[in-house]
Every structure is written in structure tokens, then in C-alpha cells.
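The structure under discussion appears below in the form of C-alpha cells.
The values are calculated or read from the model by the stated rules, or taken from the named source; none is laboratory data. These numbers were taken from a predicted model, which means no experiment stands behind them. Positions of Cβ are backbone-derived with ideal geometry, glycine not excepted, and every protein chain shown enters the neighbour counts. Heads up: the accessible areas ignore ligands, DNA and RNA and are worked out on the full protein's heavy atoms, side chains in. Shrake-Rupley method; radii C 1.70, N 1.55, O 1.52, S 1.80 Å.
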Amino acid sequence: MPLRDCLYMFQLYQNYIDRQELDLYSSALLKIPTPRLVVFFNGQDKMKNEEERILRLSDAFEKPEPEPSLECRVRVININFGKNCRMMEKCPKLYEYAYFVGKIRENQALGKTLEGAIGEAIEDCLAQGYLTELLTDYRREVIGILLYEYDEKKHLKNTYEEGVAEGDRKRGIRTARNLYRKGYSPQEAADILEEDEKTVAAWYKKWSKM
């Protein structure tokens, strides 16, 4: 995740430099916007009991150094319902989103289908006055996006497990590589595949060199 955010940040800086017509070779000190890298996390397994954590680019370096020449710190904030309550109080929409996702999972735990769980969560939110505009004007789009996201992750997880179960480890790893190409972080891929994060990180490290 820090590597991906780092690449995004460099692209933004390049665009900023081009727009402002700054001279990178000038002897004068160029002032640039101060970056703040934040990721909102609502996965179910990792960070289950954590409010937040800091991820560092240097953790991925082959040879760790006490003071790395290049560093990128990403603040990962847990926005699962019930976490970071003070932040939720200051940002009602974030609270409403966390409530919505929490209701979907709660409905699924009760045995409802994904589509049914989403539908009931929407009705619950509307009754509470949460995300009213979004869930009223774009209800169909919201359902479509959630169904696609959940189904894609489920499909990738099932494909991976089938490959491993049949002894076709290569097929399982190809599924993990598909997640790598789609931009999923090792942590996110490990969550989907229910695989050890260190194992997935090792695969990512290998593919990044190809």
C-alpha cells in the first residue's frame, strides 16, 4: 500500500509541477504541497481490534536500514462500525457509511443472500435517515457496485482455493497474481484469499521485479 500511494503521490507532484511550470533544475528551493497519506480500511479480519496503524514503505525494502533514504508513511484508519468513534462523530457521512456496511454484514450473518442483505441495509439506512440522497437517487448503482465487488472477491477466492485443493498450486498463484495486477495490496489480497500475508507479500515482491 505505501508503494502504491507513493507512486500516486509522485504522479500528482509531476502534474503539479507541470501546471505551475516549475523549474526542477532551479537553484532556488521549490515549495510543493505537503502530502498526507490516509487509507480508510473496512476489512473484516486485519485490524479487527485496532483503531489504526502506520504502514511504511521501508518495510518492503530488501535490506532494512535504520534511516532509509526514502520513506513513505501511510496512516491506515479502521472505519468498521464501532471503531474510531470520535472521528465518526465529527464526520457523520463516514459514520453512516460504516453503519451501512455493518448492516450488510450483519444481515449476511443472519443467513440472507448478498442482494437481500444489501436491500435490507438500504431500507434500514433510509429509515434512519442515513445516506438518503445516495441510496435514493443511486440505489440501483449502489447495489450493482456492491454485488460486483463482493462477487469478484468471492470468485477470486474460490478459484484460488479450487486450484490449491486440486494440487494445482500454480493456478492458485495465478489468481493471486490477478489481484496483484488489479492493484490490490498484499494485505488486501491476503484477506480475500485467506492466505498468510507474508506469503502473499513474497509473491508480490517477486512479481514486482519481473
* Asked: What number of residues in segment 176-193 are assigned to a helix (DSSP H, G or I) and under 13 Å from TRP207 (Cβ atoms)?
  -> 8
* Qualifying residues in segment 53-67 (those that are open to solvent by less than 70 Å² (accessible area, probe 1.4 Å) and touching a strand residue (DSSP E or B) at 6+ places or on another chain (Cβ under 7 Å)) - the one nearest to ALA201 (Cα to Cα) -> LEU55
* Would you pick out the residues in segment 100-131 that are without any contact (Cβ under 8 Å) to a residue 40 or more places away in the chain, within 18 Å of GLU89 (Cα to Cα) and not aromatic (Phe, Trp, Tyr)? -> GLY102, CYS125, GLN128, GLY129, LEU131
* **Residue satisfying all of: in segment 23-49; at pLDDT below 90 and of a type in the set (D, E, K, R); farthest from ASP191 (Cα to Cα) among these** => LYS48
* If you go through segment 166-175 one residue at a time, do you hit one that is of a type outside the set (Phe, Trp, Tyr), modelled with pLDDT of 80 or more and under 19 Å from the mean Cα position of the chain (by Cα)? -> no
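Could you please find all residues in segment 100-114 being of a type outside the set (A, V, I, L, M, F, W, C), closer than 19 Å to GLY144 by Cα and either touching a Cys at 6+ places or on another chain (Cβ under 8 Å) or open to solvent by 40 Å² or more (accessible area, probe 1.4 Å) (or both)?
Scanning segment 100-114 gives LYS103, ARG105, GLN108, LYS112, THR113.
Kindly establish whether GLU133 is touching a helix residue (DSSP H, G or I) at 6+ places or on another chain (Cβ under 7 Å), of a type outside the set (A, V, I, L, M, F, W, C), surrounded by fewer than 16 Cβ atoms within 10 Å (Cβ to Cβ) and not in a loop (DSSP other than H, G, I, E, B).
no
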* Residues being closer than 16 Å to GLU149 by Cβ and hydrophobic (A, V, I, L, M, F, W, C) - total across segment 115-133 -> 4
